Amino acid sequence: MSSDTGRFLLLLLPLIVLQLALLAAALWDLVHRERVRGGNKWVWGIVIVLFNIIGPLVYFLFGREE
């Protein structure tokens with residue numbers, strides 16, 4: 001591995017960890033929550049999985065019913 005590739009991976013590592021943490025937290029919350037806005041958990045699951053970083057944030061901001 002060249003030093004440029006190593007530096008690039010070190011820069012990406014925090015974003016990868018953030019994405020995985022948000023993905024896991026959002027999916028866990030979705031599975032354990034009885035109701036979500038719009039009433040369709042499948043749609044929120046697709047949004048969470050397909051839209052990296054933004055999908056889980058959108059779910060936490062707009063998808064959860066309190």
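None of the figures in this text is laboratory data; all of them are computed from the coordinates on show. These numbers come from a predicted model, not from an experiment. Heads up, the Cβs are rebuilt from the backbone with ideal geometry, glycines too, and the neighbour counts pull from every protein chain shown.
When the residues of the stretch 1-40 are filtered to those that are closer than 16 Å to residue 66 by Cβ and among the charged types (D, E, K, R), the one that is surrounded by the fewest Cβ atoms within 10 Å (Cβ to Cβ) is 34. Of all residues in the stretch 49-65, those being surrounded by 13 or more Cβ atoms within 10 Å (Cβ to Cβ) and more than 19 Å from residue 14 (Cα to Cα) number 5.
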